[in-house]
Structure formats: structure tokens, C-alpha cells
């Protein structure tokens, strides 16, 4: 029996959801909560198997309640999300905080539940099988292509988009001396007292581009390589753990397939871009893959990579789903397999086995593979299929995957 706590500020919606779960033989409604604080109290007291959480609630909203629940008593949470821009951004934030999955409210309201009833029940049943854990961020040295010693997890740091040249710690551990510059009036983007910026180095004069470009083929090891990452359930949180640790001077590009519907992948890319040293964007058809850039496949579109006169370009299509997925990891892996020894393929948390068939082609062509380990996966499905097929060159906890990518690129 799956014991669920329903958190929603609408008494009508609490009744609708209660009736839905009560009709199911494998669900039991342990309690309902009218706000985030009430939800936290019910979770701590009743220790349910699952929580459904609305975002907008009084007293404490769903995001803050989720963060506290994951701190006090990690529990599988399924978010109920609207399709507005604000709703998609909140959903991505919730997934990065530890929510297992989400269901989009039909037409911005869940009152017509029949449209999403099957999806909601399926995702709730799957969510209780997920492994949720408390993740504590502690400071670490910035990873660069020159410093690849094992490191501890790092807190996400807001990207200073106006400063393309980022100076971090020297190997001796002291901050880079500031470059003399004319005093500027206080204003947007001037954060002299921010301790994070003091550690990372003081602001430098702005330059035209956000990130100093690295020319393919001119930077030595890794310049001709490509990193391809596939993930699904638990992926937004895993991608935050990995992408925020990739160095700004990564000499190659990264392509990502995250199982997610249209409308949410841009919010995911935008969020990751603000907290990462590399640049992150939702992929567009015809994008030329650049070093130090991450391209996330847009929802409902397959992503492929093709060679184009010495450069690599992204192509998108809406061909039929493969294995019920669009985008599909197998489609991306199939397209990058010919890159051979210059490919680093990463498979992370997710349900099912999408990516396994493509990884077979990657290994046959000489590519290198990294799989997330079982203890740190929210759902150990996709990596399990790769590991059990004997296709993984390395099996790493999520906190070590960025380091493994950097080392593989340098080989």
C-alpha cells in the first residue's frame, strides 16, 4: 500500500486528488495539507511513501517545503506544475531540489483530472520506487583542465554573465590579485562584498563575448572530442551535479538528452547556465558545437550530431518516438557513435534502458563510456542496463562524474 500526503492550497483539489487515490487498490491517503508548513509537519509525523506537492501555497510554498522535506526526511515527491513560464521554471527548480517527477496541469488547472489521471498514477507508482537522498553541498576547488585531482561536491555559483574571463584560485590556494581598474559606481552586476566573488577573483573589464572561445583543434588534448550525456528520471538534479562542475576551459562541447516534455528543457538549460562555468543552452537546429558549451535537446525533439566540413552541427527532428521517448538517448548515441575514440558517452539516472543499444555502437566504434553508480541514482535503470551489458569503462558516483569527464577528455 502506497501512503500518500496531498499538499494543495485548494480544498477542491485536495478532495479531487483524495478521491482519485482512494479509488486505487494500492494507494492510501495518509493526510492532506493546505500549505507547505502543514505538509512538512505531516511528512515528519506520518512518514508517508509519497507526497504530491503543488507549487503555489500560502504560509510556505511548495519549493521551500520540498527543500525542508528533503533535508528533514527525504521522501519521493511528485510536483503538480502549470505550463506557464513561471510554472516551468518552478518545476525545474523543484526537480533540482530533489523532486522525483512532475505532472503538468492540463490547461493550467488540474480540475479536469481525467486528462492526466493515468499519467499521474503511473508517475506516482514509479516515484515510490525511486531512491531519494539528502545531498549536502560543501566547498571544493574549481575544476580546470589542469587540475584534475579528486574533489568534493561544490555549491552552484551564480555565473557572472558580463565577465567572460573568470579567475579562480591558484594552485597555492590564494586568490588571483585584482587587476587595477577605475572605480565604478555601484549598480547591477557590481557585487564587491559577495564572498563567492572574492574567492573566484574580482571582476575584470567586460569583453564582447560571455565565454572566451576555444578554437577546435588548436588547444591540444581534447579539442576534437565530444561529450554525450543521456539521463531521465532524476536527471535535472544529476545534471546540476555534473554540469556545474565542468570547467570553463573544457576544450570540447557537450550534448545532452534529458527525457522531458516540450516547454521545460529551456527552463532547465537557462537555470544551469546561470550556475555553471560552461555555457548552457537549449539546442537549436543548426547549432555549431563549440568548446565549453552544453546543448540540451529540446523536449519533443530528437537530437543528432553530424559532421559539417570540420565542425560538428546539431540537427533536430520530430521523427516518431524511439522506445516511447522523444528525445531519445539512443537516437543521440547512434548519431555520435562514428566519432569513435574521440567520444565520451555518459549515462546517468533514469528508468528503463534508453541508451543501452546506442552505447553498444559507441563501444564498437572505440568510444569511452561512464555510467552513474547505483547508490547515487534516483532510479538505477538506464545505467544498470549499460553496466550489466559490460559496456561501462567507469562506474562513478554522481559527485565524481564531472571529474571523470575531464580526465577522459584529456586522454
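Assorted remarks:
- Failed criterion for residue 31 (all others in (1) in a helix (DSSP H, G or I); (2) surrounded by fewer than 23 Cβ atoms within 10 Å (Cβ to Cβ); (3) touching a strand residue (DSSP E or B) at 6+ places or on another chain (Cβ under 6 Å) hold): (1)
- Any hit, the stretch 278-295, residues being assigned to a strand (DSSP E or B), surrounded by fewer than 24 Cβ atoms within 10 Å (Cβ to Cβ) and more than 21 Å from the chain's Cα centre (by Cα): yes
- Among the residues of the stretch 77-88, those identified as in contact (Cβ under 8 Å) with a residue 24 or more places away in the chain and surrounded by fewer than 18 Cβ atoms within 10 Å (Cβ to Cβ) are 83, 84, 85.
- Among (1) closer than 20 Å to residue 233 by Cβ; (2) touching a helix residue (DSSP H, G or I) at 6+ places or on another chain (Cβ under 9 Å) - the single one residue 39 does not satisfy: (1)
- Within the stretch 240-250, the presence of at least one residue that is in a helix (DSSP H, G or I), in contact with a strand residue (DSSP E or B) (Cβ under 9 Å, 6 or more places away or on another chain) and in the same structural domain as residue 354 (by TED's automatic domain parsing) is confirmed.
- You will find that of 308, 334, 273, the residue that is farther than 27 Å from residue 353 by Cβ and either modelled with pLDDT under 95 or touching a helix residue (DSSP H, G or I) at 6+ places or on another chain (Cβ under 7 Å) (or both) is 308 and no other.
- Of the listed requirements (1) buried (at least 20 other Cβ atoms within 10 Å of the Cβ); (2) within 20 Å of the chain's Cα centre (by Cα), residue 74 misses just one: (1).
- From the list 67, 130, 99, the lone residue that is at pLDDT 90 or above, in contact with a strand residue (DSSP E or B) (Cβ under 7 Å, 6 or more places away or on another chain) and either farther than 24 Å from residue 374 by Cα or surrounded by 16 or more Cβ atoms within 10 Å (Cβ to Cβ) (or both) is 99.
The values are calculated or read from the model by the stated rules, or taken from the named source; none is laboratory data. None of these values were measured; they are calculated from a predicted model. Don't worry about glycine lacking a Cβ; one is built from the backbone with ideal geometry, like all the others, and counts go over all protein chains shown.
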